[in-house]
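One structure is given below, encoded as structure tokens.
The values are calculated or read from the model by the stated rules, or taken from the named source; none is laboratory data. Given the structure is predicted, the values throughout are model-derived calculations rather than measurements. We place every Cβ from the backbone using ideal geometry, glycine too, and count neighbours over all the protein chains shown.
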Amino acid sequence: MKFWQIEAPHYGSDYKSLFINGLIEHPYNLPSVDCDSCGQRFLADHSLPYECPPAFRKKISNSEALTIEEFENITEPVRRAVQKIGLRKEVVQPRCFLLPSFLDIPSKPEADFLWPSSGFSPLVTERVRGKLESLKIREIAFAEVTLRKVGKKSPKLPAPIPSTGEPGDIIGEVSTTRFPKTGHTYFELCVYGRSGPPPGRELKSVCSTCGNKDFNWARSKELVMTESMWTGLDIFVLETTAIILVTDKLKQELQKLRPTNVEFVEFPSSR
Ligand SMILES: [Zn+2]
């Protein structure tokens, strides 16, 4: 069985990457939790397709760490909402990002995939979303991103180099439209499924109070993905990493779309 990592193409420069993909901001998130049993602070790094109620935005994102009971109470409506769209309630974790999220992109967004933050989920177009939905892919969701600043130039043009030399400053130095009404819609592809842990990173313990997982950490081992680690999902995160993998079957389905700005790289690399 083959697995493929989906990732951004190599652009040759950070300017080009920034120009094509932009930057995403997630200003709102669920509170963090301090666990009395394991002493761990839970930190999730995924998004939920859940709009943070305006009245709670400041309060919820600036909240002190909560106890598990407080967290369970405050997030009850979030769990109900995600279950309604077919997700497991366990995807609601401390520090999860909520909507709205904002994309600032210095060029005109045209690609099927955007990578506005390294080590984080890609954004996809309606057409990619439609494909994944028609295939009934499990353990994923789509969180619509608000396009906040959008450039006017084709992403195929050479990337401008800002006066400061900082790639992140490109957006401030090109002409952009704020909250454009027309154009593409993009969705963060939220991937919740996971593989088993790779060799060298076996599960040591699970906290019975908060569910926090403690893994072994063998530094020298090279990461692999094998059939015995597979949990039956077509798209998933390699446990203990941020690497998104797809099965051969899903890769073939996605490639029928001839999607732009994405690469499928065999994992682990056969070279
Ligand atoms: Zn715990």
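Worth a mention:
- Hey, Gly172 assigned to a loop (DSSP other than H, G, I, E, B) and either out of contact with any Gly (no Cβ under 6 Å at 6 or more places or on another chain) or closer than 23 Å to Trp115 by Cβ (or both) or not: no
- Any hit, the stretch 140-152, residues being within 16 Å of the ligand (Cβ to nearest atom) and touching a Ser or Thr at 6+ places or on another chain (Cβ under 9 Å): no
- Qualifying residue in the stretch 201-220 (condition: without any contact (Cβ under 8 Å) to a residue 40 or more places away in the chain, in a loop (DSSP other than H, G, I, E, B), charged (D, E, K, R) and under 26 Å from Ile20 (Cα atoms)): no
- Count of the stretch 47-86 residues, restricted to those that are acidic (Asp, Glu) and touching a residue at least 40 places away in the same chain (Cβ under 8 Å), is 1.
- Residue check for Thr177: in a strand (DSSP E or B) and hydroxyl-bearing (Ser, Thr, Tyr): yes
- Note on the stretch 38-69: among residues that are hydrophobic (A, V, I, L, M, F, W, C) and assigned to a loop (DSSP other than H, G, I, E, B), the one that is nearest to the ligand (Cβ to nearest atom) is Cys38.
- Asn212 being under 30 Å from Phe3 (Cα atoms) and either within 16 Å of the ligand (Cβ to nearest atom) or at pLDDT 95 or above (or both): yes
- Some residue of the stretch 223-232 being of a type outside the set (Lys, Arg), at pLDDT 95 or above and in contact with a Pro (Cβ under 7 Å, 6 or more places away or on another chain): yes
- Of all residues assigned to the stretch 24-39, none qualifies as being under 30 Å from Pro268 (Cβ atoms) and either among the charged types (D, E, K, R) or surrounded by fewer than 21 Cβ atoms within 10 Å (Cβ to Cβ) (or both).
- One residue stands out in the stretch 10-37 among those that are closer than 30 Å to Ile170 by Cβ and touching a Lys or Arg at 6+ places or on another chain (Cβ under 7 Å): the one that is nearest to the ligand (Cβ to nearest atom), namely Asn29.
- Count of the stretch 221-246 residues which are assigned to a strand (DSSP E or B) and either of a type in the set (A, V, I, L, M) or more than 18 Å from the chain's Cα centre (by Cα) (or both): 5
- Only a single criterion out of (1) in contact with a strand residue (DSSP E or B) (Cβ under 7 Å, 6 or more places away or on another chain); (2) away from the ligand (no atom under 16 Å from the Cβ); (3) among the small types (Gly, Ala, Ser) is not satisfied by Ser163, namely (1).
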